Amino acid sequence: MQPELPFSSRRSPVVCLNGCVASSQTLASVIGLDILRRGGNAADAAVAVAAALGVTEPCSTGVGGDCFCLFYDARTGQVRGLNGSGRSPRALTLDLLSGLGFSEAQPPSVFHALNVTVPGAAACWCDTVQLFGSKKLTLGEVLEPAAELAERGFPVAEITAHDWARWSKALKDDGKALGGDFLINNQPPKHGQLFANPTLARTYQELARSGKSGFYEGRIAEAIVDVVGQNDGVMTLDDLKNHSSTEVQPVFTDYKGVRLWECPPNGQGIAALIALNILEHFPMKEMGHNTSGYLHVLTEAFKLSLADVIHFCADPEKVKVPVEGLLSKAYAGQRAQLINMQTAGVNEHGAPPGSDTVYFAVVDVEGNACSFVNSTYLGFGTGLVPENCGFSLHNRGANFSLDGSHGNCVGPEKRPYHTIVPALLTDAVSGRLLCCYGVMGAFMQPQGHVQVLLNMLEFGMNPQKALDAPRIYVYYDKTDGQWKLSVEAGVEQGVAEELGRRGHAVVGPVSGHQRARFGRGQVIAVGCWWDPDASEAETDARVLWAGSDPRADGCALGY
């Protein structure tokens, strides 16, 4: 039994000059920092951290999942993106699922092998190093520290041990046993217990030696297809061999002098941008931080933005996604008028013009930044572990709709609606990098982006305080057809009661390990632009200010 977690963060922000890494595992942050000190840049370090997190936090992430990347090039001021999400198998059709008795009302279990889409992380790691890396380190040198960590073993961190046990039990309750690669004497490891994963070390070495073909062809690919097929999935060797990540043009919106960058659909990052566009129409600072009025408007803006994104967000290679219309300031103005300051609204999706789960941040000495998120979706994903590979396969296909009229309906070679979204913040005029940040946690992620940004920009909080502050989480509960509002412990009781009087279905206060629903963020800011009392010279300084979420096990490190 894991102890209930208290929450009394009093961390100082990390300040440094040359390079910084913030992640949810201390050992991963150390590995990323070491890559920077050896001459690697932010992209090199990000991939090293991703691989290390696959070792130390396999109940959240791994090479059997997907990833997305935003890269800020200090030399050009350009923001570039990589979509590292995989596509569904060619044989996965709505007719196939219907023939098996599945429907929108009765979908497969989230842990079913039919929810395994092609794992995109391996290709995206390779492409991140190739496209954005320093060229001073090889892929093998980038992956080596994580491989060594997997081979030699490490002591499991506290929150990770809790999540490891929780997801192991969830799989067991669903009739699946987590592979022996992730158990010790058939039990999940305890806090502080040494855990090694030598088969994952060999997977990393194979990827380093042969690149993408070392994962998507040969032994590893065959093991993936075998375990999926043995569990009634339909993935083939061709599905894996044909996979590629995609360079994408990031999308953005401007809010009070800053520009927030997100990856475009099939990712849900546009939800944060839509919400900010709506919030421009309200005096957020004057309302006061986490007051009932402030949280009411935030909640309504999130409901409006999420309703739009859940309806419209899909694979843009398969359906037309009205990104320009959704991000239109005029459309946001129309949506803002739907918010009643006294009463919670139903907030269905609108009709825009043209309509139809670890996060980490790295900034290097040259000023490049890599905002990176990697996930297996729910815990260990499907919990299916390819033989002698050391990783589990994600269940990202669980986010497909089984409604034939929906843009995100399941279909062959299609990317599903994706929750994982990295973020970057630049000056809207100069293009100067202000912040590399993100908040992981399924549908919480864009909401976390907005709340942490407002904490800094509107209320002058440093990166650590911005992450420490209590958050809310808005979600649609299909079981009773209601929007719910989770309120974290730390929000005043009277505020929560007032939100209930305004018609919100308030859940909470939420404390202990249940705080995981509010996400786990990392922030690296360049200069103290968030500080209203700082001089212009201080704001533009090359000092890096970093914070790491106390809801996770990790830390920010710099040199």
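Conditions tested, residue by residue: (1) buried (at least 24 other Cβ atoms within 10 Å of the Cβ); (2) basic (Lys, Arg); (3) closer than 20 Å to Glu262 by Cβ; (4) touching a Gly at 6+ places or on another chain (Cβ under 9 Å).
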| site | (1), (2), (3), (4) |
| --- | --- |
| Val55 | yes, no, no, yes |
| Cys59 | yes, no, no, yes |
| Gly62 | yes, no, no, yes |
| Asp66 | yes, no, yes, yes |
| Cys69 | yes, no, yes, yes |
| Thr76 | no, no, yes, no |
| Arg80 | no, yes, yes, no |
| Arg90 | no, yes, no, no |
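Here is a yes/no grid of residues against (1) assigned to a loop (DSSP other than H, G, I, E, B); (2) surrounded by fewer than 16 Cβ atoms within 10 Å (Cβ to Cβ):
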| site | (1), (2) |
| --- | --- |
| Phe111 | yes, no |
| Pro119 | yes, no |
| Lys135 | yes, yes |
| Leu143 | no, no |
| Lys169 | no, yes |
| Lys172 | no, yes |
(request) Would you be able to tell me the number of residues in segment 145-167 that are under 21 Å from Ala201 (Cα atoms) and either in contact with a Pro (Cβ under 7 Å, 6 or more places away or on another chain) or not in a loop (DSSP other than H, G, I, E, B) (or both)? (result) 14
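Restricting to segment 66-85, what's the tally of residues that are under 15 Å from the mean Cα position of the chain (by Cα) and not in a strand (DSSP E or B)?
Start the filter on segment 66-85 by keeping residues that are under 15 Å from the mean Cα position of the chain (by Cα), which leaves 66-70, 81-85.
From the residues that got through so far, the ones that are not in a strand (DSSP E or B) too are 85.
Here the count works out to 1.
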(request) Would you check if Thr128 is in contact with a strand residue (DSSP E or B) (Cβ under 9 Å, 6 or more places away or on another chain), crowded, with 24+ Cβ neighbours inside 10 Å, under 22 Å from Leu27 (Cβ atoms) and modelled with pLDDT of 95 or more? (result) yes
(message) over 30 Å from Leu557 (Cβ atoms), over 25 Å from the mean Cα position of the chain (by Cα) and surrounded by 14 or more Cβ atoms within 10 Å (Cβ to Cβ): is that true of Ala330 in this structure?
(response) no
(request) Kindly establish whether Asn347 is of a type outside the set (Asp, Glu), under 26 Å from the mean Cα position of the chain (by Cα) and at positive phi. (result) yes
(request) Sort out which residues of segment 511-559 are over 16 Å from Val49 (Cα atoms), β-branched (Val, Ile, Thr) and buried (at least 21 other Cβ atoms within 10 Å of the Cβ), and write them in order of number. (result) Val526
(message) Would you confirm whether or not segment 24-46 contains a residue that is in contact with a strand residue (DSSP E or B) (Cβ under 9 Å, 6 or more places away or on another chain), buried (at least 24 other Cβ atoms within 10 Å of the Cβ) and in a strand (DSSP E or B)?
(response) no
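Would you kindly identify the helices (runs of 4 or more DSSP H) lying entirely within segment 456-559 that contain at least 2 residues that are modelled with pLDDT under 95 and more than 21 Å from Phe360 (Cα to Cα)? First the steps, then the outcome.
Numbers: elements: 463-468, 493-501, 536-539.
The helices (runs of 4 or more DSSP H) meeting that bar are 536-539.
Name every residue in segment 417-449 that is part of a loop (DSSP other than H, G, I, E, B), at pLDDT 95 or above and over 16 Å from Leu273 (Cβ atoms), in order of residue number. Full working, then the answer.
As a first pass, look at segment 417-449 and keep what is part of a loop (DSSP other than H, G, I, E, B): 417, 419-422, 428-432, 441.
With the extra rule that they be at pLDDT 95 or above, the set shrinks to 422, 428-432.
Within segment 417-449, Val429, Ser430, Gly431, Arg432 meet the criteria.
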(message) Being closer than 17 Å to Tyr359 by Cα and of a type in the set (Asp, Glu) is the filter here; which residues of segment 521-559 pass it?
(response) Asp549, Asp553
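How about segment 341-362: which of its residues are modelled with pLDDT of 75 or more, buried (at least 24 other Cβ atoms within 10 Å of the Cβ) and assigned to a loop (DSSP other than H, G, I, E, B)? Give the steps one after another, and end with the answer.
Filtering segment 341-362 down to residues modelled with pLDDT of 75 or more leaves 341-350, 352, 358-362.
Now drop any that are not buried (at least 24 other Cβ atoms within 10 Å of the Cβ), which leaves 358-362.
Selection gives nothing.
Considering each of Glu247, Glu217, Glu262 in turn, give the residue that is in contact with a Pro (Cβ under 8 Å, 6 or more places away or on another chain) and at pLDDT 95 or above.
Values: Glu247 fails: in contact with a Pro (Cβ under 8 Å, 6 or more places away or on another chain); Glu217 fails: in contact with a Pro (Cβ under 8 Å, 6 or more places away or on another chain).
Among Glu247, Glu217, Glu262, only Glu262 is in contact with a Pro (Cβ under 8 Å, 6 or more places away or on another chain) and at pLDDT 95 or above.
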(request) Tell me, yes or no, whether segment 238-256 has at least one residue that is of a type in the set (Ser, Thr, Tyr), under 23 Å from the mean Cα position of the chain (by Cα), in a loop (DSSP other than H, G, I, E, B) and crowded, with 21+ Cβ neighbours inside 10 Å. (result) yes
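The values are calculated or read from the model by the stated rules, or taken from the named source; none is laboratory data. Here the structure is a predicted model, which means the values were calculated and not measured. We place every Cβ from the backbone using ideal geometry, glycine too, and count neighbours over all the protein chains shown.
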